[in-house]
Amino acid sequence: MKLYKYLVIVSVAIFSLIGFSGCEKKYYEVGADIETFIFEVDYDQWGWNASANRYEYSFSFPEFDNYMFDQGSVDGAVYIWKTVGATDYQVLTPLPYQQSYYDGTMLYSETIGMDLYLEPAKKVVFYIQRNDLTAESRFLDDYKFKVVFTYRQ
């Protein structure tokens, strides 16, 4: 009886090894095309858009196409400065970026974001919009933006 148990165990082990060694490994190429663009806007380049109640600056963006618009993914971010203790650090934060400020006399909030247009012209529009929708320009600043497209062609 002992011999029968060992024979069964050895048989199962051998059949398992033979059965699993016949598995075919398949490797698939997984990946995407990624394009990164950096845009810089100086504080004196922002223009007031009265119909949208926000400051804007637009860049012609001929690289943007129908395929990227329909099939791709877009991530936008802005480089901002944050103070920790007595040191300023540059950080990258995703858009839209919303922040509240107190300048000693007034509390206000702003949203920094972007819009991508395929028509009527291929362009990217960055904007700053205050919570009170006013054209207060003394709070404008220089900004650097990063736009990353991920798509598969």
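Every number in this text was worked out from the coordinates using simple rules, so none of it is lab data. From a predicted model like this one, the values you see are computed outputs, not experimental measurements. We place every Cβ from the backbone using ideal geometry, glycine too, and count neighbours over all the protein chains shown.
Overview of values
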{"item": "Dipole of segment 69-153, positive end: most advanced residue of GLN98, ALA121, TYR151 [Cβ charges, Cα centre]", "result": "TYR151"}
{"item": "Straight-distance crosslink candidates among aspartates and glutamates, where the alpha carbon sits under 20 Å from LYS144 and sequence neighbours closer than 8 are dropped", "result": "GLU35, GLU40, ASP42, ASP44, GLU56, GLU63, ASP75, ASP88, GLU110, ASP115"}
{"item": "Between segment 52-83 and segment 87-153, the alpha-carbon center distance in angstrom", "result": "10 Å"}
{"item": "Ordering of 49-57, 133-141 by burial proxy (mean other Cβ atoms within 10 Å per residue, highest first)", "result": "49-57, 133-141"}
